[in-house]
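K.L.:
Mind looking over this structure? Questions follow.
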Amino acid sequence: MLHGVRRSDDYAWLRDSSSPEVLDHLAAERTFYDAATVHLRPLIQALAEEMSSRLPPTELTVSWQRARFSYYTSTPEGSEYPQLLRDLHPSDRSQATDSVAKAVIASDSVDHTDAQFPQVILDPASLADGSAYVDLGYRIVSPDERLLAYAVDRTGEEIFALQFRDLDAGVDLPERIERSYYGGAWSADSGSFFYTVHDGLYRPYQVWRHDIGTSVGGDVCVYEDLDEQFEVMVRGCRSGDVIVLWSQSRDTSEVWLVDAHDPTAPARCVEPRRKGIEYHCEHGRTPDGDVLFVVTNDNAPEFRAMTTPLAAPGQAQWEELVPEAAEERLERVEAFAEHLVLRLRRGGSPLLRTVPLHACNQAVDIACSLPAGTIALDRNERFDATEVTVVEQSYTEPPAWYAVDLRSGERRLRRRQEAPGYEPSRYRSERIGVASGDVEVPVTLVHRCDTPLDGSAPALLYGYGAYESCDEPEFDPALLSLLDRGVVYAHAHIRGGGEGGRRWWLTGRMEHKQNTFTDHIAVADALAAGRVDGDRIATRGLSAGGLLQGAVFSQRPDRWRAVVAEVPFVDVVTTMLDDSIPLTAGEWDEWGDPRRAADFAWLRAYSPYDNLPSAGGRPDLLVTGAVHDPRVMVWEPAKWVAALRATDPDWSPRCLFRCELGEGAHTGPSGRYARLRYEAEVYAWILFHLLAHP
């Protein structure tokens, strides 16, 4: 009983995912899934082969330069993972040929005492150690370019083992840190490395310093945040002079600095946290000396940029550099020796802007040149750079990397990703707007040019809508197999995400969360009003997007032919009441705290587990989950599926639960081919329902 409401939970026993009974239950669900999809295996195989054929035999990235070497990645033909390489000379590897790539791959990646260049310095495939899953949390080269810090997860639980490699000798150092998290930074002399550690609830709460060549047992805790709603992160500035530690909740942040030249000095706070105030810092230099560039929402809901002296960075010294613009969301400032690059959003799309430090009124905008596309800074590590590399792409255009002159904004093509057999002119991406209440929801529509938008084609609708996250339209070799079969793909940029700026998030969180679901349904209804076949719409989303699928499954079961809810957060009230499980406390400012009566009411109103649809008339449902998922506990989808089955036994065979029992992460398998095989499974199920199911 809570707030006068009695809630019963017949499937609470599934929370003990380590018990033999629960593991047997999950295994039985997987067995049922495998048997129920056996008829799809030929299609899955065909799709996987199609998707893989669109990958270039060897994938190469453009290089990024450091002082002594240039670096790039190469994924060999048939390999799941990209190797990290370095070249003795800062040449542009974007023009490398397949023959050169094969020579690189054949180079000795173990003993580099007499290394030839280019040189493989890290091959994730060699780190698998018998696991089917390998994820690198980061790989960071030291300032002197003699050491590599890299963190490896082999289960999908996001627990990373941190190791250090001597790049000249090609061997790992004996020190190994068994539990670390995302984010790291080197001291200026390459003698110390700063890393984060998470607690038993997967909250990164400490920053530690390891001195190279010493025992891990002697590592020093540099910073700790005991507030359960805050997560701690660390990174180095591009200048190499400052290490930034920051602690952040959903709407509040606090930054601390360490002098990279004096790594044992205590961290110092820039400005103490104030509820609702966020700020981020980057070190740079102006004619007046060393400064911090601060991006903050203090008196600026869509954020503005400030400067402050590095020596005395408190808020009293902040001076406005870039004022807030109501139509733009300022996300970050990237500092270079003579320029800033602003990362913005305008009109629902990303935008870059170069600003000369000597003449801030001479800014140059760098927008994406593709219809319904996206643009982003690529990896740019040189502080003294006069040009930067950007990458742009869309759902129908593979990534293209350009060198952009920071002074003029002029572009030079460095590389365009290959997609064998793919012809972009056969496809179309466009952005439309759909009314949802008093707002217009941006929607990216993707289809083959010969697929009419006259109400006759089936459609797959994708959505997320949480955390102010922006799902950018990126080229996907898997999606083409859907488009080639006459399916229209629609990506709804619904409230709760950040596509429309800070207001877009604020009006899709907490008590306004229903707007997220209303927007998604409104987009589907608008598409069904003449653009696609309203009787053949499938919908898909992952994690918070899985919650979206659960909510619209319950609220409008008549709207969907099929629903795919991947690792869905669906038992919202129960999870947000339990701060003994990972991430809950940090989520209260996103979803609400049901210990408060008002929050309990709005959470219970949409929680899929508390609002099962009536029996009869339910669409077919595919649910996924993973035993090792640290973000959405596997019992959430397991309980939801069990409750749905029990409340509609006749429909039950049309509900499938694909549970990953072995290694596997929140977002699915690692490796490029394994990922495509997974996508082939999901798309085969969708296509069966959109094209063949009565």
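The values are calculated or read from the model by the stated rules, or taken from the named source; none is laboratory data. These figures come from a predicted structure and were not determined experimentally. Every residue, glycine as well, gets a Cβ built from its backbone with ideal geometry; the counts of neighbours run over all protein chains shown.
K.L.:
Within the range 559-603, restricting attention to residues that are part of a helix (DSSP H, G or I) and in contact with a Gly (Cβ under 6 Å, 6 or more places away or on another chain), which residue is nearest to residue 247 (Cα to Cα)? So that I can check it myself, show each step before the final result.
P.N.:
Taking the range 559-603 as the starting set, the residues that turn out to be part of a helix (DSSP H, G or I) are 559, 572-577, 584-591, 597-603.
Remaining after also requiring in contact with a Gly (Cβ under 6 Å, 6 or more places away or on another chain): 599, 603.
Numbers: 599: 25, 603: 27 Å.
Per the criteria, the residue is 599.
K.L.:
Residues that are outside the structural domain of residue 142 (by TED's automatic domain parsing): list the strands (runs of 3 or more DSSP E) wholly contained in the range 214-276 that include at least 3 such residues. Walk me through how you get there before you give the answer.
P.N.:
Working: elements: 220-224, 231-236, 242-248, 253-259.
Qualifying strands (runs of 3 or more DSSP E): none found.
K.L.:
Suppose we filter the range 318-331 for residues that are of a type outside the set (A, V, I, L, M, F, W, C) and surrounded by 16 or more Cβ atoms within 10 Å (Cβ to Cβ); how many remain? Steps first, answer last, please.
P.N.:
The first filter runs over the range 318-331 and keeps only residues of a type outside the set (A, V, I, L, M, F, W, C), leaving 319-320, 323-324, 327-329, 331.
Then keep just the ones that are surrounded by 16 or more Cβ atoms within 10 Å (Cβ to Cβ); that gives 324, 328-329, 331.
Here the count works out to 4.
K.L.:
If I ask for residues that are among the charged types (D, E, K, R), more than 26 Å from the chain's Cα centre (by Cα) and outside any loop (DSSP other than H, G, I, E, B), which ones from the range 640-659 would you list? Steps first, answer last, please.
P.N.:
If we filter the range 640-659 for residues that are among the charged types (D, E, K, R), which is where we start, we get 645, 648, 650, 654, 658.
Still in the running and more than 26 Å from the chain's Cα centre (by Cα): 645, 648, 650, 654.
Once the filter is applied, which keeps residues that are among the charged types (D, E, K, R), more than 26 Å from the chain's Cα centre (by Cα) and outside any loop (DSSP other than H, G, I, E, B), the range 640-659 yields 645, 654.
K.L.:
Among the residues of the range 571-579, are any assigned by TED's automatic domain parsing to the domain that holds residue 668, surrounded by fewer than 22 Cβ atoms within 10 Å (Cβ to Cβ) and touching a strand residue (DSSP E or B) at 6+ places or on another chain (Cβ under 6 Å)?
P.N.:
No.
K.L.:
Of the residues that sit in the range 254-284 and are among the small types (Gly, Ala, Ser) and either modelled with pLDDT under 95 or surrounded by fewer than 22 Cβ atoms within 10 Å (Cβ to Cβ) (or both), which one is nearest to the chain's Cα centre (by Cα)?
P.N.:
First, pick out the residues of the range 254-284 that are among the small types (Gly, Ala, Ser): 260, 265, 267, 276, 284.
From what's left, either modelled with pLDDT under 95 or surrounded by fewer than 22 Cβ atoms within 10 Å (Cβ to Cβ) (or both): 265, 267, 276.
Working: 265: 33, 267: 29, 276: 24 Å.
Result: 276.
K.L.:
Also: Considering only residues that are buried (at least 18 other Cβ atoms within 10 Å of the Cβ), of a type in the set (Asp, Glu) and touching a helix residue (DSSP H, G or I) at 6+ places or on another chain (Cβ under 7 Å), which ones fall in the range 223-244?
P.N.:
Within the range 223-244, just 231 meets the criteria.
K.L.:
Across the range 601-626, which residue is nearest to residue 22 (Cα to Cα) among those that are surrounded by fewer than 21 Cβ atoms within 10 Å (Cβ to Cβ) and of a type in the set (A, V, I, L, M, F, W, C)?
P.N.:
612
K.L.:
Considering only the range 141-192, state which residues are assigned to a loop (DSSP other than H, G, I, E, B), modelled with pLDDT of 95 or more and polar (S, T, N, Q).
P.N.:
Passing the criteria: 142, 187, 190.
K.L.:
Additional query: List every residue pair whose Cβ atoms sit under 7 Å apart, with the two residues 6 or more apart in sequence or on different chains, where the first one lies in the range 15-36 and is under 13 Å from residue 624 (Cα atoms) and the second, anywhere, is small (Gly, Ala, Ser) and part of a helix (DSSP H, G or I).
P.N.:
Final answer for the pair search is 26/638.
K.L.:
Now for a different question. Keeping to the range 609-647, report how many residues are among the basic types (Lys, Arg) and at pLDDT below 95. Quick ask: steps written out before the conclusion?
P.N.:
Our first condition is that a residue be among the basic types (Lys, Arg); within the range 609-647, this holds for 618, 631, 639, 645.
In the following step, the residues that additionally are at pLDDT below 95 were identified as 631.
Going through the range 609-647 one residue at a time, the tally reaches 1.
K.L.:
Only one residue in 430, 423, 410, 392 is crowded, with 17+ Cβ neighbours inside 10 Å and either free of Cβ contacts under 8 Å to residues at least 40 places away in the same chain or closer than 24 Å to residue 469 by Cβ (or both), so which one is that?
P.N.:
Details: 430 fails: crowded, with 17+ Cβ neighbours inside 10 Å; 423 fails: crowded, with 17+ Cβ neighbours inside 10 Å; 410 fails: crowded, with 17+ Cβ neighbours inside 10 Å.
Checking each option against the conditions leaves just 392.
K.L.:
Under 7 Å between Cβ atoms, which residue pairs at least 6 apart in sequence (or on different chains) link something in the range 670-694 that is touching a residue at least 60 places away in the same chain (Cβ under 8 Å) with a partner that is surrounded by fewer than 23 Cβ atoms within 10 Å (Cβ to Cβ) and among the basic types (Lys, Arg)?
P.N.:
Sorted first by the residue in the range 670-694, then by its partner, the pairs are 687/485; 689/561; 690/536; 690/561; 691/485.
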